[in-house]
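The values are calculated or read from the model by the stated rules, or taken from the named source; none is laboratory data. What you see is a predicted model; the values in this text were computed from it and never measured. Cβ sites come from the backbone with ideal geometry, for glycine too, and all protein chains shown count toward neighbours. Calculation scope for accessible area: heavy atoms of the full protein, side chains included, ligands and nucleic acids excluded. Shrake-Rupley method; radii C 1.70, N 1.55, O 1.52, S 1.80 Å.
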Amino acid sequence: MTDNVSAEQLRQFIERVERLEEEKKGFADDIKDVYSEAKSTGFDTKTMKSIVRLRKMEKHHRDEADALLETYRKALGLH
């Protein structure tokens with residue numbers, strides 16, 4: 001009896017993961033559509049993606065990344 005319950009639980013977990021993977025794919029497609037729409041109106045999607053990535057970061061991590069980028073730019077004479 002334990003084997004049947006475990007197998008059923010496993011099947012349910014696998015099916016849940018599969019449904020979530022499908023939803024994730026749908027979200028990824030929706031995000032791609034938004035970027036395409038933004039690009040068609042003249043926005044630079046590479047910059048938009050950078051902004052989205054920065055907004056996900058905590059402020060102190062963003063500040064550290066900015067400082068490091070600035071240091072590297074100065075070292076390479078990119079000012």
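At 1.4 Å probe size, with every protein chain present, just tell me what the per residue accessible area of the stretch 9-65 comes to in Å².
On the way: 5310 Å² over 57 residues.
Using a 1.4 Å probe on heavy atoms only, each residue of the stretch 9-65 averages 93 Å².
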- If one puts a single equal scatterer on every Cα of the stretch 10-54 and applies the Debye formula without solvent, what log₁₀ I(q)/I(0) results at q = 0.16, 0.21, 0.29, 0.31 Å⁻¹? -0.56, -0.72, -0.96, -1.01
- Give the Kirkwood hydrodynamic radius (Å, one decimal) of the stretch 36-79, defined as one over the mean of 1/r across all pairs of different Cα atoms. 12.1 Å
- Message: Along the charge dipole of the chain, pointing to its positive end and built from +1/-1 on Cβ of Lys, Arg, Asp and Glu, which listed residue (Ser36, Ser50, Asn4) has its Cα farthest out?
- Response: Ser50
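If you place +1 on the Cβ of every Lys and Arg, -1 on the Cβ of every Asp and Glu, and leave all else neutral, what size is the dipole of the chain about its Cα centre, to the nearest 20 Debye?
Details: 16 positive and 17 negative charges, 107 e Å.
Charge dipole of the chain: 520 debye, to the nearest 20.
Shape of the stretch 1-78 from its Cα gyration tensor (a ≥ b ≥ c, root eigenvalues): rounded if a/c is under 1.5, otherwise prolate when a/b > b/c, or oblate?
On the way: a/c = 4.94, a/b = 1.97, b/c = 2.50.
Oblate.
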- Query: If you build a Gaussian network model of the chain, linking Cα atoms that sit under 10 Å apart, which residue out of Ala38, Ala65, Ala28 swings the most?
  - Reply: Ala65
- Query: For the chain, what is the mean residue ellipticity at 222 nm derived from helices alone (per DSSP H run of n ≥ 4: -39500 (n - 2.57); sum divided by total residues; nearest 500 deg cm²/dmol)?
  - Reply: -30000 deg cm²/dmol
